[in-house]
Amino acid sequence: MKINDNCVGCGQCTAFCKIDAIIVKSKAHITDACVNCGVCAAYCPMKAIEADE
Amino acid sequence: MKAIVIGAGLGGLLSAAKLSGEGYEVEVFERLAMIGGRFTNFNINGYQLSTGALHMLPHGPTGPLAQLIKEVNADVVIKRQDDTAFMRIHEDLEKGIYKDVPFGKFGSTFSAWNRIKLALLLISTRKWSPKNCSLGEWITKNLNMPVAHQMADSFCGWALSLKAADTPVEEAFEIFENLYRHGGPGVPIGGCKAVTDALANVVRKNGGNIETKTEITEILVENGKAIGVLIDGQRHMSDIVISNIGHPFTNDLCKDAPTSPQYKQYLDKIRTIKPSAGVKICLAANEPLIGHGGVLFTPSAKRVNGINEVTNIDPKLAPPGKHLVMAHQTVQWDRIPYLEEEIDLGIADLEQIFPNKDYEIILAQSYYDGWPVNRSSSGTDIGNTTPIEGLYVVGDGAKGKGGIEVEGVAMGVKNTMNIILGEGN
């Protein structure tokens, strides 16, 4: 997954990532641990999480 | 009669609970996979963090939100610890020398002359509310001393996520009046989620329906009246539409909005709406940092406006024996591009306020623009109606005068219900 410019840094996504692959400080950052499951995107109020190409 | 509600946040659920109890057929559509909007919990390592608001109702068990929760028969316990609001005034921030002044006695740190002035102002302003300037300007005129400005910034920051210089003085005094009228804060047992979950239960019990993962792409408007919504290309018809997403986003969904001069005026008003920005820093503490269930205002801090430790009232919001501490700070609009720096300044404040204490940072959360502290900051609120018949806006984008945070949401919903159902419903 990747984060677009919409992200405000509310941190909601981190709670729903089962493998702790999102770090948030002013914006969400996706780490290499991400397995592209896409769960986080359903909880992002800003449509800031997109599938990685 | 049928009502469609856009968004399952606090305002949407309060409206849905009330209308479903009055015999309306109600459908709530929520884009996300969860309900509660910026008023629910999420769990990180056993700590119940909140999506937006802190786990606190500004006017506790006797405020407008508590009254509305009771009115719709939602099952929520709200607890208040009396006399637990303090201002931590630092004489020396570096050395950690401070005193905690009870909120109601904030003037005790003023000079003798300003204490006399304050006593007179407290009487005269309740009779004749000041007008036409910001709270910051009013303080400069009446009580010009740094600590008074710091206290005002701390209070406005905590309550509104605004600087005193950006808070209209009328709004500030209406809030003070509401504090006299309704009393101070309380904690919903179970946190924010207990409130929104209880409201959702009421909606379902009344026969209403709540759909998550369902995005409304258009509000259908015919001859200047809202007639339903569009979801996945399907038309869902209703008699009224209640939007919980603020005026600007609501207008974006009205693709067939009227082109009347009245609607143009509405669009001009929408452009004046300014969402407020803020940062919330959540701490996991191995010992109590505050020791009570109220609010610690921090006027001497550089960024942090206030802090609470709700686990003193509801220990279940953290793992056994631990405490959940949340600090809020305003972010001024021109500082939004420097958010990371703002967060670091907040963290530095907390290190000075709680030296040698055993805690760690769980998460720093930031809010602005489309996911702000308040969709409409004080003074930019344009009310609950729109020029489109049958289309109403509730939530923190349409609160009403003197309404702080979720209390304002409840006041806006109450006003909307009076319009829809008639006064005294």
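The values are calculated or read from the model by the stated rules, or taken from the named source; none is laboratory data. Predicted, not measured: the structure shown is a model, and the values here were computed from it. All Cβ positions, glycine included, derive from the backbone under ideal geometry; neighbour counts span all protein chains shown. Calculation scope for accessible area: heavy atoms of the full protein, side chains included, ligands and nucleic acids excluded. Shrake-Rupley method; radii C 1.70, N 1.55, O 1.52, S 1.80 Å.
Tabulated data for the structure shown
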{"item": "Descending principal axes extents, chain A, alpha-carbon based, whole Å", "result": "23, 21, 17"}
{"item": "Under 13 Å from residue B:269, Cα to Cα: aspartates and glutamates that are on another chain or at least 8 residues apart", "result": "B:381"}
{"item": "q = 0.09, 0.12 Å⁻¹: log10 I(q)/I(0) that the Debye formula gives for the protein assembly as shown, counting C-alpha atoms only", "result": "-0.59, -1.07"}
{"item": "Listed residue (B:98, B:310, B:23) projecting farthest to the positive dipole end of the protein assembly as shown, Cβ model", "result": "B:98"}
{"item": "Net charge, residue B:262 excluded, C-beta distance under 15 Å - Lys, Arg +1, Asp, Glu -1", "result": "+1"}
{"item": "Accessible area per residue in Å² at 1.4 Å probe, computed on the range B:1-89", "result": "33"}
{"item": "Debye, to nearest 20: dipole size of chain B, +1 on Lys, Arg Cβ, -1 on Asp, Glu Cβ", "result": "880"}
{"item": "A/B buried area, accessible surface, summed, 1.4 Å probe, Å²", "result": "1700"}
{"item": "GluC sites (Glu not before Pro) restricted to DSSP loop in the range B:337-425 with at most 12 other C-beta within 10 Å", "result": "B:423"}
{"item": "Heavy atoms of residue B:272 accessible to a 1.4 Å probe, total area in Å² rounded to 10", "result": "80"}
{"item": "Candidate residues B:238, B:260: accessible-area rank, largest first, probe 1.4 Å", "result": "B:260, B:238"}
{"item": "Most positive-pole-ward Cα, B:388, B:294, B:327, against dipole of the range B:277-395 from beta carbon charges", "result": "B:294"}
{"item": "B:158, B:128, reordered so the largest accessible area comes first (probe 1.4 Å)", "result": "B:128, B:158"}
{"item": "Average projection area in nm² (convex hull over Cα atoms of chain B, one quarter of hull surface)", "result": "20.5"}
{"item": "Neighbourhood net charge (12 Å Cβ-Cβ; Lys/Arg +1, Asp/Glu -1) for residue B:308", "result": "-1"}
{"item": "Probe 1.4 Å, accessible area per residue of the range B:261-334, Å²", "result": "37"}
{"item": "With DNA, RNA and ligands ignored, accessible area of residue B:137 (1.4 Å probe; Å², nearest 10)", "result": "100"}
{"item": "Alpha carbon centroid spacing (whole Å) that separates the range B:98-132 from the range B:391-425", "result": "31"}
{"item": "Over 22 Å between alpha carbons, listed pairs B:193/B:357; B:131/B:401; B:79/B:399", "result": "B:193/B:357; B:79/B:399"}
{"item": "Carbon/sulfur fraction of accessible area - the protein assembly as shown, other protein chains in place, 1.4 Å, %", "result": "50"}
{"item": "Under 20 Å from residue B:264, Cα to Cα: lysines that are on another chain or at least 8 residues apart", "result": "B:225, B:255, B:274"}
{"item": "Net charge dipole size for the range B:124-250 [Lys, Arg +1 and Asp, Glu -1 on Cβ; Debye, nearest 20]", "result": "420"}
{"item": "Using distinct alpha-carbon pairs, which all enter the 1/r mean, Kirkwood radius of the range B:1-157 in Å", "result": "19.8"}
{"item": "Antiparallel bridges, percent of DSSP beta bridges restricted to chain B (to nearest 5)", "result": "70"}
{"item": "Highest-MSF residue in chain B out of B:124, B:134, B:376 [GNM, Cα springs under 10 Å]", "result": "B:124"}
{"item": "Estimated [θ] at 222 nm from DSSP helical runs (n ≥ 4, -39500 (n - 2.57)) normalised by residues in chain B, nearest 500", "result": "-10500 deg cm²/dmol"}
{"item": "Accessible area (Å², 1.4 Å probe, nearest 10) - residue B:179", "result": "40"}
{"item": "Average beta-carbon neighbours from other chains, 10 Å sphere, peptide A:11-18", "result": "5"}
{"item": "Hits among lysines - C-alpha to C-alpha of residue A:2 under 27 Å, sequence gap 8 or more where chains match", "result": "A:18, A:25, A:27, A:47, B:213, B:280"}
{"item": "Of B:93, B:120, B:14, the one that fluctuates the most in a GNM where chain B has Cα springs shorter than 10 Å", "result": "B:120"}
{"item": "Between 0 and 90°, nearest 10: helix B:10-21 axis offset from chain B longest Cα axis", "result": "50"}
{"item": "Nearest-20 debye value, the protein assembly as shown charge dipole, Cβ charges on Lys, Arg, Asp, Glu", "result": "1080"}
{"item": "The range A:9-53: trypsin sites (Lys or Arg not before Pro) falling in loop per DSSP and having at most 14 other Cβ within 10 Å", "result": "A:18, A:47"}
{"item": "The range B:277-367: relative contact order in percent, alpha carbon pairs under 8 Å with at least 6 residues between", "result": "43"}
{"item": "Acute angle (nearest 10 degrees) that the helix B:339-353 long axis makes with the longest principal axis of chain B, alpha-carbon atoms", "result": "40"}
